[in-house]
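In what follows, a structure is listed as structure tokens, so that the remarks can point back to it.
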Amino acid sequence: MTGRKSHLPIDTLPVLVRLPPVKARETEDVSEETLHRILDAAGDLYAGFGVTRVTISQVAGRAGVSKATVYRYVGGKQSLLELYSLREARALVEEALGRVAGVGPESLLDVSAEILGEIRRHPVFEKVMADEPRFLTATMADPGFAEAARSVIDMVAPLAEAAGVRAARRSVEAALRLAVTLLLVPPLTVESNDYQESVKEFLRPLFTAGVRKSGKR
């Protein structure tokens, strides 16, 4: 997401081992700095023009590299968007998990609300929501979205299990499905002007109702 200029080293993200690494399409004679410059350029353009209008030529020009270099590093428009989204997701989730204190339902709520809040504030998401909402629905219908959702469930389910949540995988899937709708439409039945607090209140029954008595709170 545009604005994240202090990049984390690609190979030092142990918290996110279930997400694929952010790396160039080709592995020989490539520069990590060039890859991030290309992704930064793409993010800036996405935030300004929307994801469907941006061309490889524009990205190359803004990054100060040739079109051939962009194709070599990231492939075409779709793979560029996927790699950019992956980089942003890794940074976002790591930051959220890094601020969690302890293990329990409240920690899961904190992480969920933090991630959703960061996504909604992201300039690229804001631009797509404003100008290209159909792109979001098309993306969610793509088989690749379901695969990404499974990866998220695989990553979060152990945390839910450790927190004492019953049927952890199913609860995480339910929360993820709710999270997708909460990204598009904020909670309507929770009286709070703070988006993240309203998300926590909305999701709290899902996690706390299924907590085993021996689970940590």
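Read the figures in this text as sums done on the coordinates, not as results from a lab. Predicted model only: the values in this text are computed from it and were never measured. In this analysis, Cβ positions are derived from the backbone assuming ideal geometry, glycine residues included, and neighbour counts consider all displayed protein chains.
A compact table of results
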| read-out | value |
| --- | --- |
| Assigned charges on the beta-carbon of Lys, Arg, Asp, Glu; region 69-168 dipole about Cα centre (debye) | 260 |
| Test item: Cα-centred dipole of region 99-217, Lys/Arg +1 and Asp/Glu -1 on Cβ, debye | 580 |
| Residues with amide H under 5 Å from that of residue 165, placed H, sequence gap 5 or more | 212 |
| Share of Cα-Cα pairs in region 99-217 lying beyond 26 Å, as whole percent | 21 |
| For region 28-92 versus region 111-164, the gap between their alpha-carbon centres in whole angstrom | 20 |
| For region 39-94, average projected area of the Cα convex hull in nm² | 3.5 |
| Sequence of 202, 145 once ranked by neighbouring C-beta atoms within 10 Å, starting from the fewest | 145, 202 |
